[in-house]
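The values are calculated or read from the model by the stated rules, or taken from the named source; none is laboratory data. Because the structure is a prediction, the values reported are computed rather than measured. Note: ideal-geometry Cβ built from the backbone for every residue, glycine included; neighbour counts use all protein chains shown. The accessibility values were calculated without ligands, DNA or RNA, using every heavy atom of the protein model including side chains. Shrake-Rupley method; radii C 1.70, N 1.55, O 1.52, S 1.80 Å.
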Amino acid sequence: MTQQINSISREQLEKVKAPFGAARPLPAAAYYNQEFYEAERENIFCKHWVPVLFDFDVAKPGQALPFSYFDMPLLAVRGHDKKLRVFHNIVPYDGCLAVLRPADGLEKIETPYHGWVYDLEGKLTAAPFWDGTPEGSLRSVAEYETDLREIQCRTYLHTVFISLSQEPSSFENHIAPISRQFSEYDLDQAAIAADELDQPIVITAVTNCNWKIFFDIDGPNVLHESFVHRDYRNSPLHPRVTKDGVKTYREIIDGYLVGIGFNRSDFAETYGAVDPSKPHLGRDGTLPDAAGFVDLYP
């Protein structure tokens, strides 16, 4: 059942949805109210495709990684078939965690409480002593829900997306705007940046704020650049608008993809020139000129 929001009035909602220029921001309660948070969790983060980890976090067959998503315990497992799967990290019978900590080299999953045994595809293979024998016949637990519950997951650009919806939308349609907006790039050739020890380079940060505030700040838009970063107003190295008032950028609003795009050649002095002889992701060996800063909602 869809969670309703009672902490925002119809009048406030109409002001938020008003045309640009007359619209007003969300009321303050949208950033701290528990009811609003729960409605967002159900209607946004449990219905859309969302990125939760990288494929190299669980790179090898036999690796398992428990993690939390909106206080829900989840589990990523790389099977012997090399496929990455994500499960609810809950044993259906006893409600306890199936895996307590990251593991490597697993042949099977042995749960810590009742000792049920699963294969790496989440199927129950043994229930020791459930019928009084060390092996435990699966017939003795046939009346229960036994297998780990798998969650829809897909990998794109080394990023693992999940959908908690029972009827998830098309993942291909969700990510299609990326390839549309950056059609000059052969994204299938994208690789992971690594350090001198050949370890993936991942930059992380903890932000103690409501997710909408972070999205507003991170969201790449010209108004943000002009009002937050003084250099974009004063420096000729950031010419988002020419002296004649002509835009040097384009707005990107394509499905759930939002941001700004521009031609790299127009900003060589700002971001530095790119040597076309160096490795790049251009199709047919041609250095792409299209560039941009985008966010894929949510």
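Looking only at segment 115-135, count every residue that is farther than 18 Å from TYR93 by Cβ and part of a strand (DSSP E or B) and tell me the total. Residues that pass the stated criteria total 0. Looking across segment 142-167 at every residue that is modelled with pLDDT of 95 or more and open to solvent by 80 Å² or more (accessible area, probe 1.4 Å), the one that is nearest to PRO200 (Cα to Cα) is identified as ARG154.
Which residue pairs have Cβ atoms under 7 Å apart, sit 6 or more places apart or on different chains, and have a first residue in segment 239-252 that is aliphatic (A, V, I, L, M) and a second that is assigned to a strand (DSSP E or B) and open to solvent by less than 40 Å² (accessible area, probe 1.4 Å)? What qualifies is ILE252/GLY259; ILE252/ILE260; ILE252/GLY261; ILE252/GLY292.
Listed here are the residues, each with its yes/no results for (1) open to solvent by 90 Å² or more (accessible area, probe 1.4 Å); (2) part of a strand (DSSP E or B).
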site: SER226; (1), (2): no, no
site: PRO236; (1), (2): yes, no
site: PRO239; (1), (2): no, no
site: ASP244; (1), (2): yes, no
site: ILE252; (1), (2): no, yes
site: PHE262; (1), (2): no, yes
site: SER265; (1), (2): no, no
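Considering segment 37-57, and only residues there that are of a type in the set (D, E, K, R) and part of a helix (DSSP H, G or I), the residue that is surrounded by the fewest Cβ atoms within 10 Å (Cβ to Cβ) turns out to be GLU38. One residue alone among PRO112, PRO61 is touching a Lys or Arg at 6+ places or on another chain (Cβ under 7 Å) and part of a loop (DSSP other than H, G, I, E, B), and that residue is PRO61. For segment 267-290, a tally of residues being in a loop (DSSP other than H, G, I, E, B), without any contact (Cβ under 8 Å) to a residue 60 or more places away in the chain and within 17 Å of SER183 (Cα to Cα) returns 2.
I'd like the full set of residues that are open to solvent by 10 Å² or more (accessible area, probe 1.4 Å), touching a residue at least 24 places away in the same chain (Cβ under 8 Å) and more than 15 Å from ALA76 (Cα to Cα), limited to segment 91-119. Answer for segment 91-119, where residues must be open to solvent by 10 Å² or more (accessible area, probe 1.4 Å), touching a residue at least 24 places away in the same chain (Cβ under 8 Å) and more than 15 Å from ALA76 (Cα to Cα): PRO92, TYR93. Within segment 136-148, residues that are assigned to a helix (DSSP H, G or I) reach partners that are of a type outside the set (A, V, I, L, M, F, W, C) and open to solvent by less than 80 Å² (accessible area, probe 1.4 Å) with beta carbons closer than 6 Å, at six or more positions or on different chains, in the pairs SER140/ASP131.
Take the conditions (1) surrounded by 17 or more Cβ atoms within 10 Å (Cβ to Cβ); (2) free of Cβ contacts under 8 Å to residues at least 60 places away in the same chain; GLY62 misses just one of them, which is (1). Considering only residues that are at pLDDT below 90 and small (Gly, Ala, Ser), look in segment 185-224 and name the one that is surrounded by the fewest Cβ atoms within 10 Å (Cβ to Cβ). In this case the residue turns out to be ALA205. Looking at segment 177-197, which of its residues are part of a helix (DSSP H, G or I) and more than 15 Å from the chain's Cα centre (by Cα)? Result: PRO177, SER179, ARG180, GLN181, LEU187, ASP188, GLN189.
Residue pairs whose Cβ atoms lie under 8 Å apart, sitting 6 or more positions apart in sequence or on different chains, and linking a residue in segment 184-210 that is more than 30 Å from TYR32 (Cβ to Cβ) and touching a residue at least 40 places away in the same chain (Cβ under 8 Å) to a partner that is surrounded by fewer than 11 Cβ atoms within 10 Å (Cβ to Cβ) and aliphatic (A, V, I, L, M), are ILE192/ILE201; PRO200/ALA193.
The residues of segment 70-90 that are in a loop (DSSP other than H, G, I, E, B) and either exposed (fewer than 14 other Cβ atoms within 10 Å of the Cβ) or modelled with pLDDT of 95 or more (or both), listed by number, are ASP71, GLY79, HIS80, ASP81, LYS82, LYS83, ASN89, ILE90. Taken together, GLN34, GLN12 contain a single residue that is open to solvent by 50 Å² or more (accessible area, probe 1.4 Å) and touching a Leu at 6+ places or on another chain (Cβ under 9 Å), which is GLN12. Among the residues of segment 149-176, write down those that are β-branched (Val, Ile, Thr) and assigned to a strand (DSSP E or B). Once the filter is applied, which keeps residues that are β-branched (Val, Ile, Thr) and assigned to a strand (DSSP E or B), segment 149-176 yields ILE151, THR155, THR159, VAL160, ILE162.
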